[in-house]
Amino acid sequence: MDENYMRLALELAEKARGRTSPNPMVGAVIVKDGQIVGKGYHLKAGTFHAEIHALREAGEKAKGATMYVNLEPCSHFGRTPPCTDAIINAGISRVFVAMEDPNPLVGGRGIKKLAEAGIEVKVGLLEEEAKKLNEIFIKYITTKTPFVLLKMAMTLDGKIASRTGHSKWITGEAAREKVHYLRNYYDAVLVGVNTVFKDNPSLTCRILAGRDPIRIILDSRARTPVEAQVIIQDSAAPTYIVVTDRAPYDRVESLRATKARVIQVPADEQGRVSLKDLMVKLGEMEITGVLVEGGAEVAASFLEAGLVDKMLTFISPKIVGGRTAPGPVGGLGRERVDQAIKLSHLTFGSVGGDFFIEGYVR
């Protein structure tokens with residue numbers, strides 16, 4: 001039953017996916033005499049935490065009850081008061097915590113405070129599931145840089161377009177809808193300026209009740225057309241054009257005159273946007289997760305820079321052929337097969353008429 005209650009806490013936390021950044025997703029369940037008397041989840045940053053919602057629902061029944069929460073309750077003042085004080089004052093007698101909070105401001109202090117108040121605390125129930133749920137937050141809060149998911153789509157013979165450059169559509173409607181859900185979950189979506197030239201994408205989220213991600217365009221020379229969809233479209237989310245100090249002044253000023261916002265970062269050795277510097281900048285902006293959808297060169301740049309945490313590749317059962325038809329990862333590539341970037345913890349599945357492979361970069 002303890003696992004069942006913790007699983008419910010995880011399911012509650014999941015309800016707010018894509019809405020809590022830069023905070024984690026947290027759910028809480030309060031049980032007394034075998035009955036759920038309170039439950040809740042964190043809706044978004046700046047609002048009450050899951051524990052407070054659950055305690056308010058439980059009321060007086062919280063006294064002597066057990067709480068299940070997927071992340072260690074906070075013990076510090078942030079955007080809201082500490083949850084540990086509320087738990088102690090409510091008379092909770094036992095707390096199950098799935099995982100310690102990786103936030104250095106918490107890091108075991110909440111658990112210690114509860115224990116010092118005489119509350120029995122058990123840590124580690126469904127810990128792996130809890131870590132998986134908040135993998136974006138864990139990466140962000142421990143490194144101050146965003147979690148990066150690289151998404152690719154290709155045919156069965158490894159092509160992202162035909163030899164003429166035609167690419168619509170590699171995958172079917174169901175796979176494309178899954179990508180829109182990812183845009184709904186991630187803080188930002190990133191592509192290179194060549195994708196803007198080629199496809200003129202909107203990079204919005206087109207699902208019911210979806211949320212547009214922040215749009216990030218890698219554009220070292222400030223070549224993005226001022227009439228591009230990513231700039232002129234109506235969206236609550238901003239578009240950031242990322243340039244280097246090598247970008248012509250007049251082009252930069254033209255972009256600044258639009259609705260887009262310009263970010264300048266150092267150039268790398270090839271004169272392109274320094275991705276490592278950009279990730280630090282995005283972390284400072286409290287962007288916790290980035291969905292990289294850019295073309296083959298952008299994919300190669302992120303992989304070679306060691307910035308990809310997770311990959312999702314859609315494979316359509318089609319054969320395009322063509323020795324000059326492009327593949328999903330450009331760049332120079334590795335000299336030997338045994339030098340290949342490897343993935344672990346793989347997940348395989350199907351969506352519509354396509355397949356997908358998901359895994360973590362070692």
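The values are calculated or read from the model by the stated rules, or taken from the named source; none is laboratory data. Just so it is clear, the structure is predicted and the values come from calculations on it, not from any experiment. Please note: Cβ atoms are built from the backbone with ideal geometry, for glycine as well, and neighbour counts cover all protein chains shown. To get the accessible areas, we keep the full protein, side chains included, count just its heavy atoms, and leave off ligands, DNA and RNA. Shrake-Rupley method; radii C 1.70, N 1.55, O 1.52, S 1.80 Å.
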statement: Scalar couplings 3J(HN,Hα) for the stretch 193-201 by Karplus 6.51 cos²θ - 1.76 cosθ + 1.60 (θ = phi - 60°), nearest whole Hz, x for Gly and Pro, are 5, 5, 5, 5, 4, 6, 10, 6, x
- prompt: So, in Å, what gap is there between the alpha-carbon centers of the stretch 217-255 and the stretch 309-343?
  reply: 29 Å
task: Between beta-carbons, use under 14 Å as the cut-off and find the net charge around Leu255, counting Lys and Arg +1, Asp and Glu -1.
output: +3
- prompt: Just from its helices, what would the mean residue ellipticity at 222 nm be for the chain, if runs of 4 or more DSSP H residues each count -39500 (n - 2.57) and the sum is divided by every residue, rounded to the nearest 500 deg cm²/dmol?
  reply: -8000 deg cm²/dmol
- prompt: Within straight cross-link reach of Lys112, meaning Cα distance under 28 Å, which lysines are found once same-chain residues fewer than 8 apart are removed?
  reply: Lys32, Lys39, Lys44, Lys61, Lys63, Lys122, Lys131, Lys132, Lys139, Lys144
task: Identify, among Tyr360, Pro225, Gln270, the residue whose Cα sits farthest towards the positive end of the charge dipole of the stretch 225-362, taking +1 on the Cβ of Lys and Arg and -1 on the Cβ of Asp and Glu, with the dipole about the Cα centre.
output: Tyr360
statement: DSSP beta bridges in the chain: the antiparallel percent, rounded to 5, is 40 percent
- prompt: To the nearest 0.05, what FRET efficiency results for Asn200 and Glu335 with a Förster distance of 41 Å applied to their C-beta separation?
  reply: 0.65
- request: Per residue of the stretch 264-269, in order, report the coupling 6.51 cos²θ - 1.76 cosθ + 1.60 (Karplus, θ = phi - 60°) as ³J(HN,Hα) in whole Hz, putting x for Gly and Pro.
  value: 10, 10, x, 8, 8, 5
- prompt: So what's the gap between the Cα centers of the stretch 88-166 and the stretch 1-59, to the nearest angstrom?
  reply: 15 Å
message: Residues of the stretch 95-136 with the amide nitrogen closer than 17 Å to a label point 7 Å from the Cα of Glu57, along Cα-to-Cβ, please.
response: 96
- prompt: Once Rh for the stretch 69-120 is found with the Kirkwood sum over Cα pairs, what is the Stokes-Einstein diffusion coefficient at 20 °C and 1.002 mPa s, in µm²/s?
  reply: 197 µm²/s
message: How much length would be gained if the chain were fully extended between Thr324 and Glu177, taking 0.36 nm per residue of separation minus their Cα-Cα distance, in nm to one decimal?
response: 50.0 nm
Enclosed volume per residue, in Å³, of the convex hull spanned by Cα atoms of the stretch 35-105: 83 Å³
statement: Correct response: the longest run of the chain lacking exposed chymotrypsin sites (Phe, Trp or Tyr not before Pro), defined by DSSP loop and at most 15 other Cβ within 10 Å, is 170-362
Cα-Cα separations in the stretch 185-325 greater than 21 Å, expressed as whole percent: 44 percent
task: State whether the stretch 206-282 is rounded, prolate or oblate according to the following rule on the C-alpha gyration tensor (a ≥ b ≥ c being the square roots of its eigenvalues): a/c under 1.5 gives rounded; otherwise a/b larger than b/c gives prolate, and the remaining case gives oblate.
output: oblate
- prompt: So which lysines can Lys198 reach, going by Cα to Cα under 17 Å and dropping same-chain residues fewer than 8 places off?
  reply: Lys159, Lys168
query: Tell me, in nm to one decimal, what length is gained between Arg17 and Thr347 on full extension, where the rule is 0.36 nm per residue of separation less the Cα-Cα distance?
result: 116.8 nm
message: Per residue of the stretch 115-130, what does 6.51 cos²θ - 1.76 cosθ + 1.60 with θ = phi - 60° give for ³J(HN,Hα)? Whole Hz please, x for Gly and Pro, Karplus curve as stated.
response: 5, 5, 8, x, 8, 6, 10, 10, 10, x, 6, 6, 4, 5, 5, 5
query: Per the 1.4 Å probe, what fraction of the accessible area of the stretch 1-124, in percent, lies on carbon and sulfur atoms?
result: 49 percent
query: By how many nm would the segment from Tyr249 to Glu284 grow when fully extended, if each residue of separation counts as 0.36 nm and the alpha-carbon distance is taken off?
result: 10.1 nm
statement: Counting only residues 5 or more apart in sequence or on a different chain, those whose built amide H sits under 5 Å from that of Gln264 are Val243
Loop-located trypsin sites (Lys or Arg not before Pro) in the stretch 127-171 whose Cβ has at most 10 other Cβ within 10 Å (DSSP): Lys168
statement: Where a ≥ b ≥ c are root eigenvalues of the Cα gyration tensor, a/c under 1.5 meaning rounded, otherwise prolate if a/b exceeds b/c and oblate otherwise, the stretch 243-295 counts as oblate
- prompt: Just the accessible area per residue of the chain, please: how many Å² with a 1.4 Å probe?
  reply: 49 Å²
- prompt: What fraction of the DSSP beta bridges in the stretch 204-311 is antiparallel, stated in percent and rounded to the nearest 5?
  reply: 10 percent
